[in-house]
Amino acid sequence: MRRLKNILLITLAILAVTRKTTAQEKTLSPQQVMEVVRQFHPVAKQASIVIDKAKADVTIARGNFDPLLNNSIAQKTFDGTAYYQYKRPELNIPTWFGIELTAGLENLSGNRTDPTETLGKTSYMRISIPLAQNLLMDKRRAVLQTAKILRQASETERKNILNNLLLDAMKAYWYWVQYYQAYKVLTDAVLVNEKRLDLVKTGFRLGDRPAIDTVEALTQLQSFSVQRENTYLQFQNAGLELSVFLWNADDKPVDLPVEVTPAEDALTLTRSPANLPVLNELIDAARKNHPELILYNFKLDVLFVDRKLKFQQLLPVANFKYNHLNKGYDILKSSLGPLFENNFQYGLTLGIPLRLSEGRGEYRKAKLKIAETKLQQDLKALQIENKIRSYFNEMTALKKQIEIQEKAYQNYLALQRGEEIRFLAGESSLFLINARENKTLEALQKLQELRTKYLVTANELQWAAGVLTQQ
């Protein structure tokens, strides 16, 4: 009997040792997963392409303000008569304030030219000014301002995409950690029951234990072995799910090797989850920095530009053009002098719709779009705040459940240890030890599930606040 007690004590010592985590050569931490996703995941790279496309749109919009060099050549000869020969190179320079500057040279010759045109070599400088409509805003300025706003919005859109992507990646990571821990626990349980089976067999050979105890020990070992194999399968599949988010710098997916295990800091977090964050700080951070709310701000900025453009349709058309003319090609040689005394050409265009139906309708529609977007933004802000509060409440409940489950696990473990002591004293049976061990294992697995759910909910809370990309 004393020999049987010594063997059982050795078995319990093995259990204590095997449950201690050892350093792993190949590990994967949550920070490493997030960094790999940020740098190499195709969706993250596509988000960066969105920024590059927005930059290209700004360049395209700037093209409306590029100086334009034109050259017109025309000639007509009919029945031996040279009607005209015409050459006119011209440089047009649009400006930000709607004013256009033009400089050009003309060379006109022929027998049947337009009498309003000047024969020979001439040069000119022109200025075109909108006096009402399109003075403060026109389509090309609106396009450029909109492109610049969307360029800034693309950065926020990238953060929003990463915020969603990182949440999916971290869920896959923490479930992978959970199955690894479950596999380790069952591996320890199998090892202990193998030792226990040897112990019972030895006791049977010595005449201390009945033969049925060997069947009892073997059944428990087989049950844990099946559970271990099933958990190992879940761990492998969880690794495949995690591999979806792991890519290398060559845009190739990376298969997570089975020998890679969670890093020690991740295991520490599962054993001692972080404290609850401050709810009001998260809500304030979401109101100021949540990507989806900031995107509404950019959308409103675009609509403000559109409203400003639509307002121009309520103004009359009043365009003024003035040309300073000069004989010869050296236009800078002549003095401008009084604008309307000599060597000039001007034009003034005036017009206004009598009812302004289109202008009033477009302007009202632009204002309604702004009001609609503000309502959508307010609704989105409320939805985000409710999500934050919901996940915070869930974390609070999970934290309490973890505290209760930890105590329950310790109590189940104490009952198991007590039953083992009674067994050594001959006052219990192997059946009761197995029953206690099953309850202890179930309590530990439930505790691991709650801890994993707590960490997942913590990431969901950060995602709801829009700050997961800052982790």
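Things to note:
- With Cα atoms, 0 to 90° folded angle of helix 430-465 axis to the chain main axis: 10
- Reciprocal of mean inverse Cα separation for the chain (Kirkwood radius, Å): 30.2
- Ranked by how many other beta carbons lie within 10 Å on average, peptides 410-419, 122-131, 64-73 from highest: 122-131, 410-419, 64-73
- For the chain, the longest principal axis of the alpha carbon atoms and the long axis of helix 357-424 meet at an angle near 10°.
- Isotropically averaged projected area of the stretch 378-463, using the convex hull of Cα atoms (one quarter of hull area), nm²: 5.8
- Binning the C-alpha pair distances of the stretch 224-282 at 5 Å intervals from 0 yields a P(r) profile of 4, 14, 14, 16, 18, 13, 11, 8, 2, 0 %, listed from the shortest bin outward.
- Between helix 291-311 and the chain: long-axis angle, C-alpha atoms, 0 to 90°, nearest 10: 10
- Listing Tyr232, Tyr175, Tyr346 from fewest to most neighbouring C-beta atoms within 10 Å gives Tyr346, Tyr232, Tyr175.
- Our summary gives the chain a relative contact order of 20 percent, counting only alpha carbon pairs under 8 angstrom and 6 or more residues apart.
- Amide H within-cut-off set for Ile99, under 5 Å, with H built and near neighbours excluded: none
- Relative contact order (%) - the stretch 161-244, alpha-carbon pairs under 8 angstrom, separation at least six: 47
- Violating pairs (Cα-Cα greater than 19 angstrom) within the set Lys139/Lys374; Lys288/Lys400; Lys139/Lys308; Lys310/Lys369; Lys310/Lys365: Lys139/Lys374; Lys288/Lys400
Every number in this text was worked out from the coordinates using simple rules, so none of it is lab data. Quick caveat, the model's predicted, so the values are computed rather than measured. Glycine also receives a Cβ, built like all others from the backbone with ideal geometry; neighbour counts cover every protein chain displayed.
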